[in-house]
Amino acid sequence: MDKSAEILRFASETFDVAGAVGNILILGLETKPGRDLNQFETDGEKIRFTGFYKHFSPKTRELIKRIAALGHTAKQLRYFDDINLKRIAVIAGLGAWGKSSLVIHPKFGP
């Protein structure tokens, strides 16, 4: 198995959905009871998405370690980075572009 296929296989086993476009992996987790990715805290000025950091970030760090072990580098991008992750998710086949501009996954929805 080539390194790219191995990385995508591991990502697919670790996350609910995974796809790739070029050298960009798109990863997704479903929010569900016991795994609320939308949970947040605020101090009145800043919002911290604690659910995302608790559930998504550890999986991402593990994937980045796996990629490094294969001799590659990786970093986590976020929505505020200069890239349209929704568009790339659609191109990767993870869902369709919805009327509300959300990516709609066939199993998990928006």
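Rounded to two decimal places and with Rh computed the Kirkwood way over Cα pairs, what is Rg over Rh for the chain?
Using Cα coordinates only, the ratio equals 0.97.
Report the FRET efficiency, 1/(1 + (r/R0)^6), for Thr50 and Asp16, where r is their Cβ-Cβ distance and R0 is 22 Å, rounded to 0.05. Please report the intermediate quantities before stating the final value.
Details: r = 19 Å, r/R0 = 0.88.
Efficiency, from the Cβ-Cβ distance: 0.70.
For the pair Thr31/Ala68, report the inter-label distance in nm, with labels modelled 7 Å from Cα in the Cβ direction.
3.1 nm
Checking the table Lys54/Lys75; Lys86/Lys107; Lys3/Lys75; Lys32/Lys54; Lys3/Lys86; Lys3/Lys65 against a 21 Å threshold on Cα-Cα, which pairs fail? The partial results should precede the final answer.
Working: Lys54/Lys75 18 Å; Lys86/Lys107 17 Å; Lys3/Lys75 17 Å; Lys32/Lys54 14 Å; Lys3/Lys86 25 Å; Lys3/Lys65 14 Å.
With Cα atoms farther than 21 Å apart: Lys3/Lys86.
Counting only helical runs of four or more DSSP H residues, what would the 222 nm mean residue ellipticity of the chain come to if each run contributes -39,500 (n - 2.57) and the total is spread over all its residues?
-11000 deg cm²/dmol
How large is ³J(HN,Hα) for each residue in the stretch 95-110, as worked out from phi by the Karplus curve 6.51 cos²θ - 1.76 cosθ + 1.60 (θ = phi - 60°), to whole Hz, x for Gly and Pro?
Couplings: x, 10, 6, x, 4, 7, 6, 7, 7, 9, 7, x, 9, 8, x, x Hz.
Please list, by residue number, every one of the trypsin sites (Lys or Arg not before Pro) in the stretch 1-98 that is coil in DSSP and has at most 13 other beta-carbon atoms within 10 Å. Don't jump to the answer; show the numbers that get you there.
Numbers: sites: Lys3, Arg9, Arg35, Lys46, Arg48, Lys54, Lys59, Arg61, Lys65, Arg66, Lys75, Arg78, Lys86, Arg87; in loops: Lys46, Lys75, Arg78.
In loop regions of the stretch 1-98 (DSSP not H, G, I, E or B), the sparsely surrounded trypsin sites (Lys or Arg not before Pro) are Lys46, Lys75, Arg78.
Using alpha carbons only, how many degrees (0 to 90, rounded to 10) separate the axis of helix 50-69 from the longest principal axis of the chain?
10 degrees
Around Glu30, which amide H atoms from residues at least 5 apart in sequence, or from another chain, sit under 5 Å from its own amide H, with H modelled in the peptide plane?
Distant-sequence amide H within range of Glu30: Asp16.
Out of residues 5 or more away from Val21 or on other chains, whose amide H comes under 5 Å of its own, with H placed 1.01 Å from N in the peptide plane?
Under 5 Å from the amide H of Val21 lie the amide H atoms of Ile26, each far enough along the sequence or on another chain.
Once you place label points 7 Å from the Cα toward the Cβ at Arg78 and His105, how far apart are they in nm?
Distance between the two pseudo-spin positions: 2.1 nm.
Using amide H atoms built 1.01 Å from N in the peptide plane, name the residues 5+ places from Gly95, or on other chains, whose amide H lies under 5 Å from its own.
none
Determine ³J(HN,Hα), in whole Hz, for all residues of the stretch 30-35 in sequence, where each value follows from phi through the Karplus function 6.51 cos²θ - 1.76 cosθ + 1.60 and θ = phi - 60°; x replaces Gly and Pro.
Result, rounded to whole Hz: 7, 6, 8, x, x, 8.
So how much accessible area does Ser100 have, in Å² to the nearest 10, using a 1.4 Å probe?
Spelled out: Ser100, probe radius 1.4 Å, area about 80 Å².
The values are calculated or read from the model by the stated rules, or taken from the named source; none is laboratory data. If you're wondering where the values come from, they're calculated on a predicted model, not measured in any experiment. Virtual Cβ from ideal backbone geometry, glycine too; neighbours counted across all protein chains shown. Surface accessibility is based on the protein's heavy atoms, side chains included, excluding ligands, DNA and RNA. Shrake-Rupley method; radii C 1.70, N 1.55, O 1.52, S 1.80 Å.
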